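Report on one structure; see the data block that follows.
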Amino acid sequence: MHRTEGLNNDANLFQNGPPGTRIEEDWLNAVQEELCNVILEAGIVLKSATSETRDQLKLGILALINLRLPANVIAYTTDVIVPAGWSEYTNARGRMIVGLPLAGTNEGAIGVALTDQQDKTHTHTGPSHTHTGPSHTHTGPSHTHTGPSHTHTGPSHNHKWLDTTQDVATPDYTYDAAGNPEIVQKGAAKTVPGGVQGIYPVVADQFTSLLDGYTNLAGTGATGADGTGATGADGTGSTGADGTGATGADGTGATGTSALSDFIAYIQLKCIKKD
């Protein structure tokens with residue numbers, strides 16, 4: 001094929017006249033043969049002027065495309081009608097095509113094919129479960145009981161005694177009406193409680209005080225040493241029976257739903273395979 005070299009060409013391009021570019025037979029024959037060779041290469045017989053359909057070049061190009069593609073090549077088309085030299089690849093209906101892994105199964109299919117414009121959904125539900133607290137035992141703390149420290153003190157009281165030197169009675173001492181022991185005044189006759197009479201010489205330094213013919217010497221109750229409360233043996237806290245942890249009500253796992261279109265947006269095309 002070559003560009004025109006006819007007289008009055010414009011850089012090997014045709015131009016209008018006058019005078020215009022001369023049409024040469026070499027250029028016309030070149031164009032004719034280039035077109036015819038495409039049709040002939042496709043195995044199509046050229047038509048005559050009376051049988052011309054003006055579509056042989058197109059058919060020749062399509063035929064050459066088919067001839068150049070190996071058999072079983074997969075393609076997609078928007079045509080509803082499958083072109084000549086091809087067949088619908090029905091295994092691909094409703095499925096995605098992925099590359100074959102090493103040593104994989106050719107044309108191996110997994111799962112259920114989609115129906116027309118189907119948007120499959122899937123629901124995830126977590127497992128039901130129960131919360132149970134651990135078993136346990138309550139044991140009281142060990143401890144010791146110790147009584148409080150304290151002191152014992154006798155009550156205050158009076159001692160009253162009879163002098164035995166000039167005693168005309170048999171007892172050495174007697175008691176008053178309240179039951180307290182009493183000492184009789186010396187140097188005077190005195191009827192003491194109980195009807196016993198005695199005469200006692202006065203010894204001035206023997207008694208310090210006189211009261212109603214008696215000498216009363218106040219006494220203070222003896223005070224015992226501080227006492228310490230008794231200490232009991234160590235005690236061990238009581239242990240309660242084993243307890244069982246509380247059990248919560250059964251819980252239901254959360255449920256989530258997702259659709260195919262949430263992950264994959266797809267378009268449907270006819271899948272064809274080269275014969």
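The values are calculated or read from the model by the stated rules, or taken from the named source; none is laboratory data. Treat the numbers as computed from the prediction; the structure is a model and nothing was measured. Positions of Cβ are backbone-derived with ideal geometry, glycine not excepted, and every protein chain shown enters the neighbour counts.
Here is how the numbers come out for the structure above:
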| item | result |
| --- | --- |
| Set 70, 127: member being over 25 Å from residue 2 (Cβ atoms) and within 43 Å of the chain's Cα centre (by Cα) | 127 |
| Selection count, the range 244-268, where residues are of a type outside the set (A, V, I, L, M) and closer than 18 Å to residue 126 by Cα | 9 |
| Residue that is modelled with the highest pLDDT [pool: residues in the range 239-257 that are loosely packed, with under 10 Cβ neighbours inside 10 Å and over 30 Å from residue 141 (Cβ atoms)] | 255 |
| Residue match in the range 52-70 (condition: surrounded by 13 or more Cβ atoms within 10 Å (Cβ to Cβ) and among the polar types (S, T, N, Q)) | yes |
| Scope the range 118-129; condition surrounded by 10 or more Cβ atoms within 10 Å (Cβ to Cβ), farther than 16 Å from residue 92 by Cβ and of a type outside the set (Val, Ile, Thr); matching residues | 119, 120, 122, 124, 126, 129 |
| Total residues in the range 86-106, condition assigned to a loop (DSSP other than H, G, I, E, B) and either of a type outside the set (Ser, Thr, Tyr) or surrounded by 10 or more Cβ atoms within 10 Å (Cβ to Cβ) (or both) | 14 |
| Unique match (being surrounded by fewer than 10 Cβ atoms within 10 Å (Cβ to Cβ) and aliphatic (A, V, I, L, M)) among 11, 42 | 11 |
| Exclusive hit being at pLDDT below 70 and part of a loop (DSSP other than H, G, I, E, B), set 109, 113, 169 | 169 |
| Any chance residue 75 is within 19 Å of residue 272 (Cα to Cα) and either at pLDDT below 90 or touching a helix residue (DSSP H, G or I) at 6+ places or on another chain (Cβ under 8 Å) (or both) | no |
| Matching option when the condition is over 60 Å from the mean Cα position of the chain (by Cα) and not in a loop (DSSP other than H, G, I, E, B), among 23, 65, 44 | 65 |
| Residue tally, condition among the basic types (Lys, Arg) and touching a helix residue (DSSP H, G or I) at 6+ places or on another chain (Cβ under 8 Å), over the range 244-275 | 1 |
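Okay, residues lined up against (1) touching a Cys at 6+ places or on another chain (Cβ under 6 Å); (2) of a type outside the set (Gly, Ala, Ser); (3) closer than 13 Å to residue 270 by Cα:
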{"residue": "63", "(1), (2), (3)": "no, no, no"}
{"residue": "67", "(1), (2), (3)": "no, yes, no"}
{"residue": "70", "(1), (2), (3)": "no, yes, no"}
{"residue": "80", "(1), (2), (3)": "no, yes, yes"}
{"residue": "84", "(1), (2), (3)": "no, no, no"}
{"residue": "87", "(1), (2), (3)": "no, no, yes"}
{"residue": "91", "(1), (2), (3)": "no, yes, yes"}
{"residue": "94", "(1), (2), (3)": "no, no, yes"}
